[in-house]
Amino acid sequence: MNISKFVAPEIIFGRSALSQIGESTLRLGGSKVFVVSDADVIRAGWVESALGFLHGVGLETEVFAELTTNPKDVEVEEGAQRYLSSRCDAIVAVGGGSPTDVAKAVALLATNGGTLRDYEGINKITRPLPPMVIAPSTAGAGSEVSQFAIIVDTSRKLKMSIISKSLVPDIAVVDPQLLETKNAHLAAATGMDALTHGIEAFVSLAATPLTDIHALKAIELISRNLLPAVADRYNIEANTNMAMASLTAGMAFSNAILGATHAMTHQVDGLLDQHHGETNASLLPLVMEFNLEACPERFVEIARVMGCRIEGKSARYAAESAVEAVRELIDRVGLAKGLGELGLEERFIPELSRNAMRDACLVTNPRNATCEEIENIFRRAM
């Protein structure tokens with residue numbers, strides 16, 4: 001009998017769930033809270049709301065919001081210094097994947113020391129982290145439930161994958177109302193990130209029945225709700241379903257890991273500082289085509305939950321239908337059609353490919369890939 005593990009935080013989900021952030025942090029033992037966010041979330045008013053709930057239960061706060069779309073090692077280093085100098089003992093993130101990953105990395109550096117590069121890879125954290133509560137403002141990253149922190153190494157111009165169960169937050173506070181203040185393009189890009197999480201987790205070599213349930217549900221929810229959520233940012237039903245999709249995809253990939261799409265997008269995002277979800281959209285269908293022959297039955301299941309008409313069709317046809325359904329969804333939400341549109345120049349492809357071969361996410365890709373095959377996918381994605 002195979003043994004599998006599944007890690008997840010406590011989850012508080014639903015409209016107005018943000019009101020629980022103060023009580024949640026208090027019962028974890030916090031007294032002064034390091035609140036990580038960004039300028040857009042502050043402008044939207046969600047940080048002010050969170051601070052009100054934190055102060056309402058008697059907690060002191062220190063706000064850190066000096067970070068960018070793709071969080072960088074220098075930003076984390078500054079945050080860790082601020083955390084220590086302000087004598088905080090708990091961390092709260094309010095925002096998308098960037099504030100959440102910074103919060104995790106700050107917790108790591110503040111307690112374990114060294115540099116972030118010391119922890120690149122899997123299970124290199126040895127000391128306990130402070131309590132962490134995460135309130136996501138986008139439906140994409142899934143970082144509020146994952147054991148990942150993805151940070152740009154500015155010297156190497158690539159994204160480092162830091163993977164450890166220590167990075168799983170204590171409590172995820174998921175309030176779909178926070179999604180209303182994101183524009184349509186960001187809703188599309190983050191939704192595509194969540195879809196990539198679901199698909200890569202489902203076909204991962206480390207997938208289990210526990211992760212499959214969450215991955216397939218995420219794929220189904222996104223295929224039905226991403227377009228309505230993009231079309232109407234105040235569609236509470238679509239936003240709630242997208243928040244649930246991001247959450248379930250996060251639990252799936254946190255435990256099953258990912259694949260070649262993420263191994264490649266980490267390199268592009270580190271070089272170009274592009275939005276991760278849009279980079280995923282440029283690569284995902286091509287990586288699906290590459291992986292299809294390794295696990296066609298898995299792609300048949302993806303086609304089924306995406307609503308493709310595959311009754312009476314061959315397994316090959318059904319599997320290819322999944323790829324086409326993803327392509328159609330990307331086109332309908334209006335994301336960039338290729339990496340060239342995002343600013344990638346072909347001269348960078350060999351180096352990006354070599355770096356992708358060293359990314360931890362490639363280990364669980366269902367089909368082995370050579371550096372030349374990765375280069376070919378990059379070129380086709382231009």
- Task: Need at least 3 residues that are within 18 Å of the chain's Cα centre (by Cα) per element, so show me which helices (runs of 4 or more DSSP H) inside segment 9-123 make the cut, counting only ones lying wholly within it.
- Result: 97-112
- Message: Based on this model, can you work out whether residue 355 counts as among the polar types (S, T, N, Q), in a helix (DSSP H, G or I) and surrounded by fewer than 19 Cβ atoms within 10 Å (Cβ to Cβ)?
- Response: no
- Query: Of the conditions (1) out of contact with any strand residue (DSSP E or B) (no Cβ under 9 Å at 6 or more places or on another chain); (2) more than 30 Å from residue 225 (Cα to Cα); (3) surrounded by 14 or more Cβ atoms within 10 Å (Cβ to Cβ), residue 360 fails just one. Which one is it?
  - Reply: (1)
- What single numbered condition from (1) more than 30 Å from residue 322 (Cα to Cα); (2) crowded, with 24+ Cβ neighbours inside 10 Å; (3) not β-branched (Val, Ile, Thr) fails to hold for residue 148? (1)
- Item | Hits in segment 293-337 (condition: among the hydrophobic types (A, V, I, L, M, F, W, C) and in contact with a Pro (Cβ under 9 Å, 6 or more places away or on another chain)) | 294, 295, 315, 318, 319, 323, 326, 330
- Task: Determine the pairs where a residue that is within 25 Å of residue 85 (Cα to Cα), located within segment 30-48, has a partner that is of a type in the set (Phe, Trp, Tyr) with Cβ atoms under 6 Å apart, the partner being 6 or more residues away or on another chain.
- Result: 34/83; 36/64
- Query: Within segment 286-305, how many residues are buried (at least 23 other Cβ atoms within 10 Å of the Cβ) and either modelled with pLDDT under 95 or assigned to a loop (DSSP other than H, G, I, E, B) (or both)?
  - Reply: 0
- Looking at (1) assigned to a loop (DSSP other than H, G, I, E, B); (2) within 15 Å of residue 93 (Cα to Cα), which is the only condition residue 133 fails? (1)
- So residue 138, is it among the polar types (S, T, N, Q) and not in a loop (DSSP other than H, G, I, E, B): no
- Query: Going by the structure shown, is residue 169 closer than 30 Å to residue 110 by Cβ and of a type outside the set (Asp, Glu)?
  - Reply: yes
- Residues (among the small types (Gly, Ala, Ser) and touching a residue at least 40 places away in the same chain (Cβ under 8 Å)) located in segment 58-106: 79, 86, 90, 93, 95, 96, 97, 98, 103, 105
- Message: It is to be established whether one or more residues within segment 251-259 are farther than 28 Å from residue 370 by Cα, assigned by TED's automatic domain parsing to the domain that holds residue 201 and touching a residue at least 60 places away in the same chain (Cβ under 8 Å).
- Response: yes
- Message: Looking only at segment 224-244, count every residue that is surrounded by 22 or more Cβ atoms within 10 Å (Cβ to Cβ), of a type outside the set (Val, Ile, Thr) and out of contact with any strand residue (DSSP E or B) (no Cβ under 9 Å at 6 or more places or on another chain) and tell me the total.
- Response: 6
- Query: Within segment 322-340, can one find any residue that is more than 24 Å from residue 226 (Cβ to Cβ) and either free of Cβ contacts under 8 Å to residues at least 12 places away in the same chain or outside the structural domain of residue 209 (by TED's automatic domain parsing) (or both)?
  - Reply: no
- Query: Restricting the search to segment 151-175, which residues are surrounded by 24 or more Cβ atoms within 10 Å (Cβ to Cβ) and touching a Gly at 6+ places or on another chain (Cβ under 6 Å)?
  - Reply: 152, 159
- Message: Criterion first (part of a loop (DSSP other than H, G, I, E, B) and crowded, with 21+ Cβ neighbours inside 10 Å) does residue 335 satisfy it?
- Response: yes
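The values are calculated or read from the model by the stated rules, or taken from the named source; none is laboratory data. Treat the numbers as computed from the prediction; the structure is a model and nothing was measured. Cβ coordinates were reconstructed from backbone atoms using ideal geometry, including for glycine residues, and neighbour counts include every protein chain displayed.
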